[in-house]
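Participant: Take a look at this one; I'll ask things after.
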Amino acid sequence: MVHSSDWLKALIVMLRPFKDARLNSSEDILEALSRLSGIIIEDKAGTFIGARMGRPEKAAQREMSPPVNLLFPIGSNGGPSRDFINALNNNEKITVELVKRRCSSCNKKTWTHKCPECRIPTEIIGECESCGFEKRYDEETVCEKCGGNITYYEKYVINIAEKLYEVSREINDPLPGKIKGVKGLNSLTKTPEDLAKGILRAKHELYVYKDGTIRFDVTNAPLTHFKPGQIGTSVDKLRKLGYTHDIFGEPLTSPEQILELRIQDVIIPRKAAEHLLRVSRFIDDELKKLAGMEPYYNWEKPEDIIGELIVVLSPHTYAGSVARVVGIIDGLICFAHPVLHAAKRRDCDGDEDSIMLLLDPLINFSRLYLPNRVGGRMDSPLLITSIVYPEEVDEQAHNLDVVEAYPLEFYRKARKNEHVSNIVRIIPTIKNYLEKPEAFAGCRFTHPQSLLVTSVKESAYKKHSSMLGKIIGQIEIAERLAGVDVSLMVEKIMETHLLPDIVGNARAFFTQEFRCKRCGSKYRRLPITSRCYNCGDELKQTVYRGAVEKYVELTQELLGKYVKNQYLREQALIALEGIKKILSKEELSEASGRQVSLEKFM
Ligand SMILES: [Zn+2]
Ligand SMILES: [Zn+2]
Ligand SMILES: [Zn+2]
């Protein structure tokens, strides 16, 4: 044990306080200390790297807004939630645009895949709006005879109650409490999904995406090594999945041994595993009841996902990659090898990607569902990569270093602020291993971790549901941090978030449309009767006062306490004053959604 007095003695000897200790004007404090003591004293940290949160973590089933169980149009029937059961209870016949198909045997037109009479498959038919020329489906929309417009759909009147009861009987599954459809289909052919899929998805509390698949969105995190104990998977199971030896070449026998994650293996959140269990039941139902096949998954618990295949896909792309689930964690994050993230066209920095159970896109995806507009094909599994080749993924992932420790030379060069291109070759990276047989075996790491998930499983940013709570929380933290200028931070929030929001919502409020509660008709101006021309029902505002007033109080408070920038202050004050002036008058008229007599303004 060294006493503090010993340290002091050592310090005095080193600093030689009785020598001439004047600073040369050209040297900084570390240089002076080094000169005086005769010992090289380096800066403790030469370069500082700061980080701030980009977006909070996410792990949840994807829902379109509003959520949809079934890609089948219901128009304005079924109420605002587009519920088929609601339309059925009101015994409504629905008029909707659906694909035009024809039976080659009896020549009858229908929207169903099988001819209702002959029970044989039907074919999609395109028809020219100008000359009536008919053709088989080939995505072409210009008539080869007259240059007119070819459409692949027409209007049908459907007795939806009859249809739903028929399907429910066929699959021997009772109708659920709700089946949410879509207002209209926006694909080229307006091909709907089988009604039975809606019954089954609703039964398993699942929602469908625009392409017919069910998605789970989850934040990415990179991982190269793990211990069986960290991912809740038994040693026996992992041995069966091919993890027979640890990174030191020892046979795997203990949950504490370190294993190298294979590049197409992933560790998913428990929430995702629970979701995929429901998807597996939906798919088994489909196989049994729609295809007359044996169920494939037969899972009983979320852990049954271990060893099974999923498809991972990034938004803005149309190529998914197959991955295998090897573990489940309690965090809200999906761990995968950096190479797999790169295969999805991601740079592993906390983006959000989606996962699907493999059979779901294979059975339920169809190009025929994809919206017929720019970007309509984005974020759909048009291609699925079964084997990921590291040399084919984005180069950024090749820069991952694979060593246990950095050599001294690295620190020396870093001290001199040498360019990264001079340092890169000192440290082996994935790039050095590409196209060699030993690639990705023998990858090492610099910092061991005992836990993959800490006791904090959800960031405070997510716990505060309102923007108000988030901002107050942020200010509370900032006030405790010496390195943060609270005024500057609040001014930034004001400038980039609060003011644009207040001004934008005020504009939206005063130029808003009105919508009919029942039929959904939209009005640019409120008619004098304030009732719908279509069905006579009451019209509703589409933007409410609350949206405008939401941040007024907060902005006022922040202005008083923190905002020093004079220009910003006045900008905010003018915006607030304007809103208060107008809203106090508007209170009577707009809030009730009704017109007010002219005298009120005189
Ligand atoms: Zn027929
Ligand atoms: Zn034509
Ligand atoms: Zn109406």
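Participant: Which members of segment 367-376 meet the condition of being open to solvent by 60 Å² or more (accessible area, probe 1.4 Å) and either in contact with an Asp or Glu (Cβ under 9 Å, 6 or more places away or on another chain) or within 17 Å of Val99 (Cβ to Cβ) (or both)?
Facilitator: Arg367, Asn372
Participant: Determine, yes or no, whether Val68 is at pLDDT 90 or above and either in a loop (DSSP other than H, G, I, E, B) or in contact with an Asp or Glu (Cβ under 7 Å, 6 or more places away or on another chain) (or both).
Facilitator: Numbers: at pLDDT 90 or above: yes; either in a loop (DSSP other than H, G, I, E, B) or in contact with an Asp or Glu (Cβ under 7 Å, 6 or more places away or on another chain) (or both): yes.
Judged against the criteria, Val68 is a match.
Participant: Going through Thr219, Thr253, Thr233, Thr213 one at a time, which residue ends up being outside any strand (DSSP E or B), in contact with a Gly (Cβ under 7 Å, 6 or more places away or on another chain) and not hydrophobic (A, V, I, L, M, F, W, C)?
Facilitator: Thr233
Participant: Here's a follow-up. Go through segment 518-529 and give me each residue that's in contact (Cβ under 8 Å) with a residue 40 or more places away in the chain and under 23 Å from Asn505 (Cβ atoms).
Facilitator: Hits for segment 518-529 are Gly520, Leu526.
Participant: Kindly indicate the residue of segment 428-480 that is aromatic (Phe, Trp, Tyr) and out of contact with any strand residue (DSSP E or B) (no Cβ under 8 Å at 6 or more places or on another chain) and also modelled with the lowest pLDDT among those meeting that condition. Outline the logic, then answer.
Facilitator: Going through segment 428-480, the residues aromatic (Phe, Trp, Tyr) turn out to be 433, 440, 445, 461.
Add one more test, that the residue is out of contact with any strand residue (DSSP E or B) (no Cβ under 8 Å at 6 or more places or on another chain), and what stays is 433, 461.
Numbers: Tyr433: 78, Tyr461: 81.
Among those residues, the one meeting the criterion is Tyr433.
Participant: Go through (1) more than 18 Å from Ala273 (Cα to Cα); (2) touching a helix residue (DSSP H, G or I) at 6+ places or on another chain (Cβ under 8 Å) and name the single condition Asp360 misses.
Facilitator: It is condition (1) that Asp360 fails.
Participant: So which helices (runs of 4 or more DSSP H) stay within segment 398-469 end to end and still have 2 or more residues that are closer than 30 Å to His497 by Cα? Step through it out loud before you land on a result.
Facilitator: Working: elements: 408-415, 420-423, 430-433, 460-463.
The qualifying helices (runs of 4 or more DSSP H) are 460-463.
Participant: Sort through Gly350, Gly375 and tell me the only one that's assigned to a loop (DSSP other than H, G, I, E, B) and more than 18 Å from Asn220 (Cβ to Cβ). Full working, then the answer.
Facilitator: Numbers: Gly350 fails: more than 18 Å from Asn220 (Cβ to Cβ).
Being assigned to a loop (DSSP other than H, G, I, E, B) and more than 18 Å from Asn220 (Cβ to Cβ) holds for just one of Gly350, Gly375, which is Gly375.
Participant: Check Tyr523, Tyr544 and return the single one that is under 29 Å from Val182 (Cβ atoms) and within 16 Å of ligand 3 (Cβ to nearest atom). Spell out the reasoning first.
Facilitator: Numbers: Tyr544 fails: within 16 Å of ligand 3 (Cβ to nearest atom).
That would be Tyr523, the only listed residue that is under 29 Å from Val182 (Cβ atoms) and within 16 Å of ligand 3 (Cβ to nearest atom).
Participant: Would you check if Glu476 is open to solvent by 90 Å² or more (accessible area, probe 1.4 Å) and either in a loop (DSSP other than H, G, I, E, B) or not small (Gly, Ala, Ser) (or both)? Spell out how you get there, then give the answer.
Facilitator: Numbers: open to solvent by 90 Å² or more (accessible area, probe 1.4 Å): yes; either in a loop (DSSP other than H, G, I, E, B) or not small (Gly, Ala, Ser) (or both): yes.
For Glu476, the condition - open to solvent by 90 Å² or more (accessible area, probe 1.4 Å) and either in a loop (DSSP other than H, G, I, E, B) or not small (Gly, Ala, Ser) (or both) - is met.
For every residue, the table says whether it meets (1) open to solvent by less than 90 Å² (accessible area, probe 1.4 Å); (2) free of Cβ contacts under 8 Å to residues at least 12 places away in the same chain; (3) within 19 Å of Asn565 (Cβ to Cβ).
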{"site": "Glu458", "(1), (2), (3)": "yes, no, no"}
{"site": "Lys462", "(1), (2), (3)": "yes, no, no"}
{"site": "Gly469", "(1), (2), (3)": "yes, yes, no"}
{"site": "Leu488", "(1), (2), (3)": "no, yes, yes"}
{"site": "Ile493", "(1), (2), (3)": "yes, no, yes"}
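Participant: What do you reckon, is Ser380 closer than 28 Å to Ala196 by Cβ, among the small types (Gly, Ala, Ser) and crowded, with 21+ Cβ neighbours inside 10 Å?
Facilitator: Values: closer than 28 Å to Ala196 by Cβ: yes; among the small types (Gly, Ala, Ser): yes; crowded, with 21+ Cβ neighbours inside 10 Å: yes.
It is true that Ser380 is closer than 28 Å to Ala196 by Cβ, among the small types (Gly, Ala, Ser) and crowded, with 21+ Cβ neighbours inside 10 Å.
Participant: Can you find a residue in segment 329-344 that is open to solvent by 30 Å² or more (accessible area, probe 1.4 Å), among the basic types (Lys, Arg) and touching a residue at least 24 places away in the same chain (Cβ under 8 Å)?
Facilitator: no
Participant: What are the pairs with Cβ atoms under 8 angstrom where one residue, in segment 99-125, is farther than 17 Å from Tyr156 by Cβ and among the hydroxyl-bearing types (Ser, Thr, Tyr) and the other, located anywhere, is open to solvent by less than 30 Å² (accessible area, probe 1.4 Å) and within 10 Å of ligand 1 (Cβ to nearest atom)? Sequence gap at least six, or different chains.
Facilitator: Ser104/Thr122; Ser105/Cys115
Participant: For segment 80-90, what are the residues that are part of a loop (DSSP other than H, G, I, E, B) and touching a residue at least 24 places away in the same chain (Cβ under 8 Å)?
Facilitator: As a first pass, look at segment 80-90 and keep what is part of a loop (DSSP other than H, G, I, E, B): 80-82, 90.
Answer for segment 80-90, where residues must be part of a loop (DSSP other than H, G, I, E, B) and touching a residue at least 24 places away in the same chain (Cβ under 8 Å): Pro80, Ser81, Arg82.
Participant: Name the one entry in Lys210, Lys240, Lys203 that is surrounded by fewer than 17 Cβ atoms within 10 Å (Cβ to Cβ) and either of a type in the set (Phe, Trp, Tyr) or touching a residue at least 24 places away in the same chain (Cβ under 8 Å) (or both).
Facilitator: On the way: Lys210 fails: surrounded by fewer than 17 Cβ atoms within 10 Å (Cβ to Cβ); Lys203 fails: surrounded by fewer than 17 Cβ atoms within 10 Å (Cβ to Cβ).
So the residue among Lys210, Lys240, Lys203 that is surrounded by fewer than 17 Cβ atoms within 10 Å (Cβ to Cβ) and either of a type in the set (Phe, Trp, Tyr) or touching a residue at least 24 places away in the same chain (Cβ under 8 Å) (or both) is Lys240.
Participant: Within segment 531-573, how many residues are in contact with a Phe, Trp or Tyr (Cβ under 7 Å, 6 or more places away or on another chain), among the polar types (S, T, N, Q) and open to solvent by 40 Å² or more (accessible area, probe 1.4 Å)?
Facilitator: 1
Participant: Now for a separate question. So Ser76 passes all but one of these: (1) touching a Phe, Trp or Tyr at 6+ places or on another chain (Cβ under 8 Å); (2) modelled with pLDDT of 80 or more. Which condition number does it fail?
Facilitator: (1)
Participant: Would you call Cys131 over 21 Å from Asn372 (Cβ atoms), modelled with pLDDT of 90 or more, within 16 Å of ligand 1 (Cβ to nearest atom) and not charged (D, E, K, R)? Lay out the reasoning, then the answer.
Facilitator: Values: over 21 Å from Asn372 (Cβ atoms): yes; modelled with pLDDT of 90 or more: yes; within 16 Å of ligand 1 (Cβ to nearest atom): no; not charged (D, E, K, R): yes.
Considered against the rule, which asks whether it is over 21 Å from Asn372 (Cβ atoms), modelled with pLDDT of 90 or more, within 16 Å of ligand 1 (Cβ to nearest atom) and not charged (D, E, K, R), Cys131 comes out as no.
Participant: Which one is farthest from ligand 1 (Cβ to nearest atom) among residues in segment 142-153 that are open to solvent by 50 Å² or more (accessible area, probe 1.4 Å) and within 40 Å of the chain's Cα centre (by Cα)?
Facilitator: Per the stated criteria, the residue is Val142.
Participant: Follow-up question, since we're still on this one. Just give me the residues in segment 118-149 being more than 10 Å from ligand 2 (Cβ to nearest atom) and in contact with a Cys (Cβ under 7 Å, 6 or more places away or on another chain), in sequence order.
Facilitator: Cys118, Ile120, Thr122
Participant: Let me ask something additional. Out of Leu290, Leu277, which single residue is in contact with a helix residue (DSSP H, G or I) (Cβ under 7 Å, 6 or more places away or on another chain), open to solvent by 50 Å² or more (accessible area, probe 1.4 Å) and not basic (Lys, Arg)? Walk me through it before giving the result.
Facilitator: Values: Leu277 fails: open to solvent by 50 Å² or more (accessible area, probe 1.4 Å).
Result of the check over Leu290, Leu277: Leu290.
Participant: Val393: within 24 Å of the chain's Cα centre (by Cα), at pLDDT 85 or above and surrounded by 14 or more Cβ atoms within 10 Å (Cβ to Cβ), yes or no? Don't jump to the end; show me each part of the working.
Facilitator: Values: within 24 Å of the chain's Cα centre (by Cα): yes; at pLDDT 85 or above: yes; surrounded by 14 or more Cβ atoms within 10 Å (Cβ to Cβ): yes.
The answer is yes for Val393.
Participant: Among (1) in contact with a Phe, Trp or Tyr (Cβ under 8 Å, 6 or more places away or on another chain); (2) away from ligand 3 (no atom under 16 Å from the Cβ), where does Arg515 come up short?
Facilitator: Failed condition: (2).
Participant: Assess whether Cys115 counts as being over 22 Å from Asn372 (Cβ atoms) and either within 16 Å of ligand 2 (Cβ to nearest atom) or surrounded by 12 or more Cβ atoms within 10 Å (Cβ to Cβ) (or both). Even if it seems obvious, please write down each step before you answer.
Facilitator: Working: over 22 Å from Asn372 (Cβ atoms): yes; either within 16 Å of ligand 2 (Cβ to nearest atom) or surrounded by 12 or more Cβ atoms within 10 Å (Cβ to Cβ) (or both): yes.
Answer is yes for this residue.
The values are calculated or read from the model by the stated rules, or taken from the named source; none is laboratory data. Computed from a predicted structure; not experimentally measured. Quick reminder, even Gly has a Cβ in these numbers, built from the backbone with ideal geometry, and neighbours come from all protein chains shown. All accessible areas refer to the heavy atoms of the entire protein, side chains included, with ligands and DNA or RNA removed. Shrake-Rupley method; radii C 1.70, N 1.55, O 1.52, S 1.80 Å.
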